[in-house]
Amino acid sequence: MRNFLLIIFFVSVLSACGGNRTAHPTPPAPPATKTQESPTKPSASDAQSTSENTEGSTKPGGYYLDDGPEENPPQNLDDIPDATPKYEPINPIANKPYKALGEVYVPITNAQSFTQSGVASWYGKRFHGKKTSTGETYDMYAMTAAHPTLPLPSYVKVTNPANQRSVVVRINDRGPFKHDRIIDLSYAAAYKLRIINQGSAQVQIESVDVASYKTQNQTLSTDKKPLAANSPLTSKDSSASDSAISQFFVQVGAFKFEENANKLKQKILNLGITGTSNINHVYNNDLHRLKLGPYSSRSKADQIAAEIRKKLNIPSLISQ
């Protein structure tokens, strides 16, 4: 009987301890780490633009994501000539009001006497070969640029006040859409202004009047020392004078697709036949024509044509 009572006592004690057990709350799970998102790209319906130097740049040098220079850019970028201003019709589609990153932009139709100061950035390989707002193919080694509101196409002179370097570029794209930047330069233009390494820099922009530009350059080209009175070129033989100022070009190809013209251009550069400044990409009659020159003599043009035939096994056409 005594043993039975002891058993009942121990059972009651254990039951009491179990009823007063404290339940510890489950520790809260650590908050999920928020994944860093890439900046939002304007959709094609919002802004038809290749340029996209927006907020959230993650690469050194100020370029966006996987953008930047190519591994082996050409070595003669300073030889690339500035864009040559000429009269061009306004692109009706690319000059309509548009929306990008939640903001509405209204392009201007007349850029006469346009000036602007602010930060310039640049865009490179991420957009190389893609379409610009005008429907052209972006070439990071051409002298072009993107602007939010200037007419497409149009021409501006861009000056880096830090070193007084200037370039003339053709505006054929929209962007940038970051508020503290006023223009996106091609890689070549940014290189010539020496803003590649830092990614951006203060610049001054001024529109280029085609008529004034032509007049100024004609004056510079004819501003030479007068010929002596007894010079052969002042004689009645006007043909000698004409030949002295003639310029010759070597046309090496005419392509329906711009990509093919660019491939041939790269081959010519790789073979060292001529430099970038002597390769002219002309688009007319629905063809992309590649011309080398100008050369001051027919013999020099013949020499280049022979080299083209020898190294590339393609015919060429010499013209003036």
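The values are calculated or read from the model by the stated rules, or taken from the named source; none is laboratory data. Keep in mind the model is a prediction, meaning the values are calculated, not measured. Glycine gets a Cβ as well: all are built from the backbone with ideal geometry, and neighbour counts include every protein chain shown.
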>> Which count do you get for residues in the range 179-197 that are surrounded by fewer than 23 Cβ atoms within 10 Å (Cβ to Cβ) and among the polar types (S, T, N, Q)?
In response: 1
> Being touching a Gly at 6+ places or on another chain (Cβ under 9 Å), acidic (Asp, Glu), touching a residue at least 12 places away in the same chain (Cβ under 8 Å) and part of a loop (DSSP other than H, G, I, E, B), is that true of even one residue in the range 130-143?
Replying inline: yes
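Every residue, every condition in (1) closer than 13 Å to SER121 by Cβ; (2) of a type in the set (Asp, Glu); (3) outside the structural domain of TYR87 (by TED's automatic domain parsing); (4) buried (at least 24 other Cβ atoms within 10 Å of the Cβ), yes or no:
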{"residue": "ALA142", "(1), (2), (3), (4)": "no, no, no, no"}
{"residue": "HIS147", "(1), (2), (3), (4)": "yes, no, no, yes"}
{"residue": "PRO151", "(1), (2), (3), (4)": "no, no, no, no"}
{"residue": "ALA162", "(1), (2), (3), (4)": "no, no, no, no"}
{"residue": "VAL168", "(1), (2), (3), (4)": "no, no, no, no"}
{"residue": "ASN172", "(1), (2), (3), (4)": "no, no, no, yes"}
{"residue": "PHE177", "(1), (2), (3), (4)": "yes, no, no, yes"}
> So is LEU233 surrounded by 13 or more Cβ atoms within 10 Å (Cβ to Cβ), at pLDDT 80 or above and either touching a strand residue (DSSP E or B) at 6+ places or on another chain (Cβ under 6 Å) or of a type outside the set (Asp, Glu) (or both) or not?
Replying inline: no
> So which of SER166, SER243, SER238, SER200 ends up being closer than 20 Å to ALA83 by Cα and either modelled with pLDDT under 85 or under 23 Å from the mean Cα position of the chain (by Cα) (or both)?
Replying inline: SER166
> Out of the residues in the range 284-320 that are under 29 Å from the mean Cα position of the chain (by Cα) and free of Cβ contacts under 8 Å to residues at least 24 places away in the same chain, which is surrounded by the fewest Cβ atoms within 10 Å (Cβ to Cβ)?
Replying inline: ASN285
>> Being closer than 8 Å to VAL250 by Cα and aliphatic (A, V, I, L, M) is the filter here; which residues of the range 299-320 pass it?
In response: ALA301, ILE304, ALA305, LEU317, ILE318
> Which condition number does ALA190 fail, the rest of (1) of a type outside the set (D, E, K, R); (2) out of contact with any Phe, Trp or Tyr (no Cβ under 7 Å at 6 or more places or on another chain); (3) over 23 Å from ILE93 (Cβ atoms); (4) not in a loop (DSSP other than H, G, I, E, B) being met?
Replying inline: (2)
>> Just to check your reading of the model, which residue among VAL203, VAL119, VAL104 is touching a Lys or Arg at 6+ places or on another chain (Cβ under 6 Å) and either at negative phi or in a strand (DSSP E or B) (or both)?
In response: VAL119
>> What's the number of the only condition in (1) surrounded by 16 or more Cβ atoms within 10 Å (Cβ to Cβ); (2) free of Cβ contacts under 8 Å to residues at least 24 places away in the same chain; (3) of a type in the set (Lys, Arg) that LYS265 fails to meet?
In response: (2)
